[in-house]
Amino acid sequence: MTTLTALQVGSELENITLSPVTRLDLIKYAGASGDFNPIHTIDEEAEKAGLPGIIAHGMWTMGNLAKLFTPYVAEGFIENYSIRFRGMVFLGDVITLKARLVEEKEKQLTFEVIALNQHEKEVVKGQIDFVLI
Amino acid sequence: MLKNAIGKRSRVMKNTVEKGAVKKFAEAIDDLSPNYVDEEFGKQSRFGRNIAPPTFPVTFEFEAIDELKLPSKGLIHGEQSFHYKRPLFVGEDVNCFAEVKDYYEKTGNFGKMGFLVIARSGLDANDDLIFTEERVIIINEEVRKGMLV
């Protein structure tokens, strides 16, 4: 595994592609996070809310996206992590997580981070500042 | 009336970064790193202990902000951010409070939308800031009208 310090601006971390989203993933996330909004787990409730089916918690996707950086925790920590939710994630969707180094100043590395679905549509997009310590 | 809530804060609620809760959370995002769950590994790490995943504060409980009455349905989570002074340590107590940072309205394709910015912060035992998270909640016209009744 390479270290973050070895990265050049413009280079990417290794992508992670998640398994297709299952209902069990979302039930587990509901339990672990305490977010029991039923549009994430119960079809009828999602339909009542005008959705074609249940959708993943936005925070499930955001939580997953940060794990691109877990292998580098020995080098520092995530100082800032901000994202916009740009699209919904449905059951069966295959999400790919990406991070690209866009700026490097002293101890702070800024990455653009993106979660894409199988249609190459961005569902989450944002930025992570990783501080080296 | 949501504007009147700007600057209002909740009371403080103490949360503990529980070992079991961290493990369950890490499992739910399939990120079971030894940094989060292996005590021995944590001791050998530069933090000297286990840390929590960066989005873990979503599990914390907060007191309500009295002046802020929100419906349970029809809200859209538009944006989210976390700012850390240092990682959260497994086992530590965190004093948490929420604050209404801003409220503004914009007119777009879907009518007039409201944007509510809520910040939630966590302080350590010495009252030093560990993290602040901010969420932007989008409230559509229909839901907002319902709130005015």
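The values are calculated or read from the model by the stated rules, or taken from the named source; none is laboratory data. Everything numeric here is computed off the predicted structure, so don't read it as measured data. All Cβ positions, even for glycine, are placed from backbone atoms using ideal geometry, and neighbour counts span all protein chains on display.
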State which residue is surrounded by the most Cβ atoms within 10 Å (Cβ to Cβ) when the search covers only the stretch B:60-85 and only residues that are touching an Asp or Glu at 6+ places or on another chain (Cβ under 9 Å) and not aromatic (Phe, Trp, Tyr). B:Gln80
Of all residues in the stretch A:24-65, count the ones that are assigned to a loop (DSSP other than H, G, I, E, B) and touching a residue at least 12 places away in the same chain (Cβ under 8 Å). 10
Within the stretch B:28-57, of all residues that are under 19 Å from the mean Cα position of the chain (by Cα) and free of Cβ contacts under 8 Å to residues at least 40 places away in the same chain, the one farthest from the other protein chains (Cβ to nearest Cβ) is B:Ala52
Which is facing chain B (nearest Cβ under 9 Å) and in contact with a strand residue (DSSP E or B) (Cβ under 6 Å, 6 or more places away or on another chain), of A:Glu79, A:Glu12? A:Glu79
Search result, residues across the stretch B:113-149 that are in contact (Cβ under 8 Å) with a residue 60 or more places away in the chain and in a loop (DSSP other than H, G, I, E, B): B:Asn140
Go through (1) buried (at least 17 other Cβ atoms within 10 Å of the Cβ); (2) hydrophobic (A, V, I, L, M, F, W, C); (3) more than 10 Å from chain A (Cβ to nearest Cβ) and name the single condition B:Phe25 misses. (3)
Residues within the stretch A:105-133 that are touching a helix residue (DSSP H, G or I) at 6+ places or on another chain (Cβ under 9 Å) and in a strand (DSSP E or B), tallied: 11
If the requirement is being of a type in the set (Lys, Arg), under 16 Å from A:His57 (Cβ atoms) and at pLDDT below 95, which of these qualifies: B:Lys69, B:Lys73? B:Lys73
Selection count, the stretch B:102-133, where residues are touching a Pro at 6+ places or on another chain (Cβ under 9 Å) and modelled with pLDDT under 95: 0
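Can you tell me which residues in the stretch A:70-100 are touching a residue at least 60 places away in the same chain (Cβ under 8 Å), closer than 27 Å to A:Glu47 by Cβ and aromatic (Phe, Trp, Tyr)?
From the stretch A:70-100, those touching a residue at least 60 places away in the same chain (Cβ under 8 Å) are A:71-72, A:75-76, A:89-100; that's our starting set.
Okay, now just the ones that are also closer than 27 Å to A:Glu47 by Cβ, so A:89-95.
Across the stretch A:70-100, the qualifying residue is only A:Phe90.
In the set B:Lys106, B:Lys85, B:Lys73, which member is among the charged types (D, E, K, R) and touching a residue at least 60 places away in the same chain (Cβ under 8 Å)? Before the answer, list the steps.
Details: B:Lys106 fails: touching a residue at least 60 places away in the same chain (Cβ under 8 Å); B:Lys85 fails: touching a residue at least 60 places away in the same chain (Cβ under 8 Å).
It is B:Lys73.
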